[in-house]
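> Just dropping this structure here.
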Amino acid sequence: MNSSLASPSRFPGRGWFLAVLLLAAACRAAGSDASSSAPLVVPEPAGATADAPASATAGSHEIPDPYYQGLGNGGYDVQHYDLVLDVDLESGVIEAVCRITARATQDLARFHLDLYGLDVDQVLVRDEEASFEREGRELIVRPERFLPAGEEFTVAVRYGGVPEPAPDPGVPFVPGVGWFRTPSGVYVVSECSGAASWFPCNDHPLDKATYSIEVTVPKPYTVASNGILVEERDAGDRRTWLWRASDPMSTYLATVCIAEFDVVVEEGPGGIPMRTYLPTDATEEERAVFARTNEILAFFGERFGPYPFESVGAVLSYENLGGALETQTIPVYGRGADESTVAHELAHQWFGDCVGPANWQELWLNEGFASYAEQLWFEHTEGAEAALERGRGMYRMLRAANVGPPADPGLEQLFGASVYVRGPLVLQALRDAVGDETFFAILRAWVDRNHDGHGTTDAFVALCEESTEADLSLFFALLYDADMPVVPSLE
Ligand code: ARG
Ligand code: ZN
């Protein structure tokens with residue numbers, strides 16, 4: 001991590017306008033034609049295996065996504081990732097095994113995994129040696145025998161090397177996404193396409209799975225990851241941490257953070273484990289940013305429904321990561337995060353994590369909602385009048401810049417003002433139209449219906465329409481119109 005990563009990736013309060021301009025300028029300077037830089041593998045006819053029926057064909061090289069080509073793969077559905085990593089902090093080299101349990105969704109003669117860089121030494125399918133090849137970010141596996149539709153199978157990939165952050169056209173303000181090796185240690189921040197930088201996977205948010213993540217590092221480093229810390233083992237001058245995430249999780253929300261941390265162990269909502277990882281030199285002020293975590297979770301719990309996961313926590317990086325990421329159960333924060341950022345990442349546990357985006361065009365369902373939750377927390381702590389002023393400030397800037405619709409922000413502006421600033425106004429307009437009671441009932445129903453699954457804008461609109469007779473025209477205009485509409489209450 002270095003200072004070139006310091007550009008903002010989220011835009012709380014007054015900083016957003018500058019951030020949007022910087023982002024727009026960065027995109028123009030890069031002249032990025034995002035779709036052409038995305039990996040694309042043209043499928044060839046399946047290489048027939050000895051016993052394969054004619055129905056056994058190649059799994060697709062991608063899950064179709066309006067904004068990304070080549071992400072994820074078809075023909076199977078991952079149930080579980082079992083990762084075992086040995087990390088040498090000095091050289092940056094990892095030695096790893098990723099054991100995947102998946103279910104075939106078609107008769108499969110071969111299938112793809114996503115993997116960026118790294119060396120693959122061996123692939124076993126159902127414990128039998130399989131042949132494989134690499135093509136860009138695709139790892140193409142040909143099992144000895146075909147995989148019948150509906151059958152559960154295992155794939156074990158032995159791999160290693162020095163992981164590098166993967167370039168991502170949706171996140172042009174950082175050099176890459178995924179595994180970051182820094183002077184203080186390692187931080188994994190993968191949104192959107194960076195999970196493939198550290199393990200072979202089905203790297204699309206549509207395929208959620210459970211995880212077990214075992215990491216061995218030299219002393220005195222500590223490993224934080226998703227879910228529950230189930231075991232810590234001593235191994236001489238090294239130490240092993242075993243984490244288990246039992247709630248289904250998208251690949252981009254998996255993380256491993258390795259540094260010399262102070263760990264604060266408390267209880268979260270309903271007594272679930274809450275672990276906060278802090279730099280050993282964190283100031284009182286930096287620690288205080290997390291002091292109201294339980295209060296924030298209780299506040300959101302009342303409005304969005306019960307906290308959705310088995311654990312909660314935080315990792316405060318030593319580095320300025322250019323923002324934060326809502327890694328499931330344990331968000332990773334760049335140094336400099338404030339309480340508003342904590343509210344934002346905690347809200348993502350409901351919106352983004354528990355209810356995932358069905359594809360990357362749907363990002364406002366993550367960022368618009370989490371940014372509106374920030375506004376709710378602001379309203380709660382600072383009062384309705386101050387919150388209205390905050391909303392007016394955002395509105396004025398949206399109008400001045402004529403910021404486009406959250407329903408289709410475009411890949412190069414994916415993390416821009418459309419979803420982060422106009423997105424929350426969509427929800428404000430909904431709340432103004434239907435009133436608090438119906439509004440929060442809609443949010444709870446949204447989480448309830450799509451729990452551990454996915455949302456689409458169409459499904460959210462359908463839920464809103466069936467929940468009210470109110471006039472939703474301003475809500476629709478803010479969500480879809482090419483031009484930023486006039487909002488009379490914010491004029
Ligand atoms: N979802 C993050 C947030 O809470 C932004 C992540 C941007 N992506 C990245 N690789 N830095 O706003
Ligand atoms: Zn966010």
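> Can you name the condition, by its number, that V177 falls short on among (1) touching a strand residue (DSSP E or B) at 6+ places or on another chain (Cβ under 9 Å); (2) at pLDDT below 95?
Condition not satisfied by V177: (2).
> While we're on this one: Does the stretch 283-303 contain any residue that is assigned to a strand (DSSP E or B) and either more than 15 Å from the chain's Cα centre (by Cα) or within 16 Å of ligand 1 (Cβ to nearest atom) (or both)?
Within the stretch 283-303, not a single residue is assigned to a strand (DSSP E or B) and either more than 15 Å from the chain's Cα centre (by Cα) or within 16 Å of ligand 1 (Cβ to nearest atom) (or both).
> What tally of residues in the stretch 338-350 results from selecting those that are farther than 18 Å from V256 by Cβ, within 10 Å of ligand 1 (Cβ to nearest atom) and not hydrophobic (A, V, I, L, M, F, W, C)?
Summing the residues that are farther than 18 Å from V256 by Cβ, within 10 Å of ligand 1 (Cβ to nearest atom) and not hydrophobic (A, V, I, L, M, F, W, C) in the stretch 338-350 gives 3.
> Name the single residue, out of those in the stretch 350-382 being farther than 13 Å from L427 by Cβ and within 11 Å of ligand 2 (Cβ to nearest atom), that is surrounded by the most Cβ atoms within 10 Å (Cβ to Cβ).
Of everything passing the filter in the stretch 350-382, D353 is surrounded by the most Cβ atoms within 10 Å (Cβ to Cβ).
> Can you tell me which residues in the stretch 97-136 are part of a strand (DSSP E or B), in contact (Cβ under 8 Å) with a residue 40 or more places away in the chain and polar (S, T, N, Q)?
Answer for the stretch 97-136, where residues must be part of a strand (DSSP E or B), in contact (Cβ under 8 Å) with a residue 40 or more places away in the chain and polar (S, T, N, Q): just T101.
> When the stretch 318-337 is examined, which residues are found to be over 22 Å from L363 (Cα atoms) and either touching a helix residue (DSSP H, G or I) at 6+ places or on another chain (Cβ under 8 Å) or within 12 Å of ligand 1 (Cβ to nearest atom) (or both)?
E319, N320, R335
> Identify, from the list E44, E90, the residue that is of a type in the set (D, E), at pLDDT 95 or above and either surrounded by 13 or more Cβ atoms within 10 Å (Cβ to Cβ) or over 23 Å from the mean Cα position of the chain (by Cα) (or both).
Details: E44 fails: at pLDDT 95 or above.
Sole residue among the options that is of a type in the set (D, E), at pLDDT 95 or above and either surrounded by 13 or more Cβ atoms within 10 Å (Cβ to Cβ) or over 23 Å from the mean Cα position of the chain (by Cα) (or both): E90.
> Regarding D483, is this residue without any contact (Cβ under 8 Å) to a residue 60 or more places away in the chain, exposed (fewer than 13 other Cβ atoms within 10 Å of the Cβ) and not in a helix (DSSP H, G or I)?
On the way: without any contact (Cβ under 8 Å) to a residue 60 or more places away in the chain: no; exposed (fewer than 13 other Cβ atoms within 10 Å of the Cβ): yes; not in a helix (DSSP H, G or I): yes.
Here the answer is no, as D483 does not meet what is asked.
> Follow-up. Kindly indicate which of R422, R399, R390 is away from ligand 1 (no atom under 14 Å from the Cβ), crowded, with 24+ Cβ neighbours inside 10 Å and within 27 Å of V171 (Cα to Cα).
The conditions single out R422.
> Please go through the stretch 428-467 and pick out each residue that is over 20 Å from A358 (Cα atoms) and not in a helix (DSSP H, G or I).
Across the stretch 428-467, the qualifying residue is only G435.
> Go through the stretch 238-255 and report how many residues are among the β-branched types (V, I, T) and farther than 18 Å from D353 by Cα.
Selection size over the stretch 238-255: 1.
The values are calculated or read from the model by the stated rules, or taken from the named source; none is laboratory data. Remember, it's a predicted structure, so these values are computed and weren't measured experimentally. So basically every Cβ, Gly included, is an ideal-geometry build from the backbone, and we count neighbours across all protein chains shown.
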